[in-house]
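The structure appears right after this line, and notes come after that.
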Amino acid sequence: MQIMQKAAIGALVGLLLGGCVSAGPAPAEPSPVDSAASPQTRALFHFLRQQMGEGILFGHQHETTQGLTIETTDGTQSDTYNSVGDFAAVYGWDTLSIVEPKIEGDITEQAIKAYERGGIITISTHLDNPLTEDQKGIFPAGTSWDTTPAVEAALPGGEAHEVYTGYLDQLAQWALNLKAEDGTAVPVIYRVLHENTGNWFWWGADQSTPEQYKALYRFTVDYLRQVRGVDNFLYAYSPNAFWPATEAAYEERYPGDQWVDVLGFDTYGPVADNADWFRNVRDNAALVVRMAEARGKVAAIAEIGIRAPDVEAGKYDNCWYRKLLQTLKSDEQARKIAYLLVWRNAPEGVNGGKPHYWVPTTLPHERERGTLEDFRAFYQDDFTLFNSDLPEVYN
């Protein structure tokens, strides 16, 4: 690590580890938390804020790089496009495509194509456990899902701090090199250490105190924007949905307004008897909208879908997309989320997993089940936006 970087980190420690951060009043003219954000990144932030209440952007993880009906993963095809004739508006990827060993494959070229198509990019976090990353073997040893507590060790002064900053260095280098043909740095919504209120990641609620987690989130943002000079990131915070959805619950591990541009949440529900779950989706969406409006931020559903075991078991709900949209539109606050994102469509064997998908496809059984018809009805609704519905987002 360079001396300049070490000095910059030292200057951050007092800020990150000391005192409480109050929300305070929303600024007169909300802006990204990175005061040096690029013009295109600022434009994205303002577009998303203005979009709230005007329609919900549809997002899909690995939109153009994994699928059940595509013939190439070069960024030109997607299951979404094959189903409805349009790409998702929000393209999701992960640090698993950025930080070595890049087990989901490099996505730089595909992300640039999505941007040049007018789409919006978001990156989620699955960083290896910095304490055990050299012990990789049978899953989940050494991975994100290795729940050996490591948050305190990753903070400045901790035994795993340099390993953790090594991850961030790779992420920063990727961001700094992510440029369109005209040389413009591609804006990215970076979802930092998500689902932190669960217990399945090394940064989870059972693995760290609220103060430890908040300190690591703050360090991550400040290291990227201040030490490494990344100016094309917006920063998203997305815990799991809360039961019940209260501001006090959301704020327990919330790192503070100085480090967050997008307030979101992640939620997966049962395929059957899911009325209560849909109501909870509505309540959490309304919560993040109220909080975002009060703070001058963006509100989103960062991950949503039928829970994986149900999908992998072949269970389905042929009204799921219409139920979701109706639920959100029925509430004057919940309908204001800027975007929602469903997880990836993956054939068997991807990352060693079972086949699973969240975007209905054109395969024959989807037509028979009625799930494709359901997704097409969601697409055709005037309140959903896909890639071709986007205006010029970045100017």
Subset of the range 253-287 that is buried (at least 22 other Cβ atoms within 10 Å of the Cβ) and among the aliphatic types (A, V, I, L, M) - its residue that is nearest to residue 120 (Cα to Cα): 262
Consider the range 79-100. How many of its residues are more than 30 Å from residue 166 (Cβ to Cβ) and more than 19 Å from the chain's Cα centre (by Cα)? 7
Options 56, 112: the member that is among the hydrophobic types (A, V, I, L, M, F, W, C), buried (at least 21 other Cβ atoms within 10 Å of the Cβ) and in contact (Cβ under 8 Å) with a residue 60 or more places away in the chain: 56
Among the listed residues 250, 237, which satisfies the condition of being surrounded by 19 or more Cβ atoms within 10 Å (Cβ to Cβ), modelled with pLDDT of 95 or more and touching a strand residue (DSSP E or B) at 6+ places or on another chain (Cβ under 7 Å)? 237
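What's the total number of residues in the range 162-204 that are in a loop (DSSP other than H, G, I, E, B) and either touching a Leu at 6+ places or on another chain (Cβ under 8 Å) or under 20 Å from residue 239 (Cβ atoms) (or both)? I'd like the intermediate steps shown before the answer.
Narrowing the range 162-204 to residues in a loop (DSSP other than H, G, I, E, B): 178, 180-184, 186-187, 192-204.
Next, from what is left, pick out any that are either touching a Leu at 6+ places or on another chain (Cβ under 8 Å) or under 20 Å from residue 239 (Cβ atoms) (or both): 186-187, 192-204.
Summing the residues that are in a loop (DSSP other than H, G, I, E, B) and either touching a Leu at 6+ places or on another chain (Cβ under 8 Å) or under 20 Å from residue 239 (Cβ atoms) (or both) in the range 162-204 gives 15.
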Just one of the numbered conditions (1) in contact with a His (Cβ under 9 Å, 6 or more places away or on another chain); (2) touching a residue at least 60 places away in the same chain (Cβ under 8 Å) is not true of residue 239; which one? (2)
By residue number, the members of the range 29-67 that are assigned to a loop (DSSP other than H, G, I, E, B) and touching a Leu at 6+ places or on another chain (Cβ under 7 Å) are 32, 55
Among (1) touching a residue at least 60 places away in the same chain (Cβ under 8 Å); (2) outside any loop (DSSP other than H, G, I, E, B); (3) under 20 Å from residue 392 (Cα atoms); (4) of a type outside the set (S, T, N, Q), which single condition is residue 88 missing? (2)
Checked the range 68-80 for anything surrounded by fewer than 20 Cβ atoms within 10 Å (Cβ to Cβ) and not in a loop (DSSP other than H, G, I, E, B); matches are none
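The values are calculated or read from the model by the stated rules, or taken from the named source; none is laboratory data. Please read all numbers here as calculations on a predicted model, not as lab measurements. Quick reminder, even Gly has a Cβ in these numbers, built from the backbone with ideal geometry, and neighbours come from all protein chains shown.
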